[in-house]
């Protein structure tokens, strides 16, 4: 008689995605490796004082007089002043000239982008335009940041020269435009210094208390968009950093969903969100629309996954969690506003090409391996299995920004009875199966007991014992096929107290077996050399033991 025990659930592959949304799973895996990058320029801005070029200005006044006489402008003083300011703003160097004293101010400009670790020892990938700014663009940035005060002062001074005229909004704007143009053109930047850093989020997040900018070295830089917009950074003194894996261009195609991770400026630059929450990357998704090629032959992927300023340099993933590209650019409206509907991604093949030029091989530390395994267990509600793995990650990389929260959440879930780990669920399932097995054993043993009592007066079994070597004596009746063993093979070992194979080892995990369900036999007893009476007593004792054990089973098992 055979009884089949219930099979334990097949263990999922360590890296098999659990049944949660792709975005949820992907964000949890990638966030530790995605970091905010900072580019900062510091320098001394010097700008000369300006004065009216009296000769050219007198000529302009004569032109205004003629225009009034001919009726081309109104004769009121405000209209004449506006006409003069318009002409000066259109050609500032003709009507203004530099003089002393020179004015100076210390200024700092910069920007934030997204980067991601590709090796555990501190190599990071980001965009070329995230690590360097052209001279023209840099001057504009310094002018906007450092000259605002000077522009306002100069505009007030020229307006004060309009005696008896009350300046309206149009005159004020014209005056400011004159000095924005003039001061920007004559500004000098001295003692320019550049610094690159990675804003590493520490446990809890927050740049005020639990994050720190770490200096980064620029190892390699390509050409800004529409070129191969790639840069490689190195942060020294790092180990066991979380990383993201690189895929291939062929992993995605038109119609597939792409996922962009990064730090959109509309969040990092807003005053409404807490500092710690700003350091959590945002994940957006959208379809792969088409593959494009620039006029210089550089491939780019067009996608409708939303992106904004600040997302530049961020990794772009396929649904399998591997990087298929890097977010570089988006479309901008005529007013300068970013459009979220179109984004352009540098394919991962270019990233690999640039890494290869510096002999950098992307790698994954045990930190990432254990963390990903723990996340899969966590999302399957196997909190007791996930918890030691999360703790291992914390020991390997104490500055991990997210693992402490997962440790806390796992502990709370276990305390709340939400753990569904196989070892905690199947112990009760097998206990219930044990009741069934015990009942079957009771039935079989009782039946054997009755048979042997009836057989006391019967002759010995017609089945002869085998001779040495496994042969049977001439004329003897061999036992049935199910009782025979191959020549030289001993009786099979018996596990457990009742003669059935134990489905779980001492540690609570399934024993290795190619079968999910194992059938077992009962009632195969060897003849007692002293007759049947001692064996009957043994059987009765086993039955009594089984009855006592049945009373120890969990309720409703």
When the convex hull of the C-alpha atoms of region 42-172 is computed, what volume per residue in Å³ does it have? 149
Across bins of 5 angstrom width beginning at 0, how are the C-alpha pair distances of region 121-205 distributed, in whole percent? 2, 10, 17, 14, 11, 10, 10, 8, 6, 5, 3, 1, 1, 0
Which translational diffusion coefficient, to the nearest whole µm²/s, is obtained for region 157-271 from the Stokes-Einstein equation, given a Kirkwood hydrodynamic radius over C-alpha pairs, 25 °C and 0.890 mPa s? 118
Starting with the highest mean, order 58-66, 155-163, 343-351 by the number of other Cβ atoms within 10 Å, averaged over the residues of each peptide. 343-351, 155-163, 58-66
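Readers should treat all values here as calculations from the given coordinates under stated rules, not as data from a laboratory. Computed from a predicted structure; not experimentally measured. For neighbour counting, all protein chains shown are included, and Cβ atoms are generated from backbone atoms with ideal geometry for every residue, glycine included.
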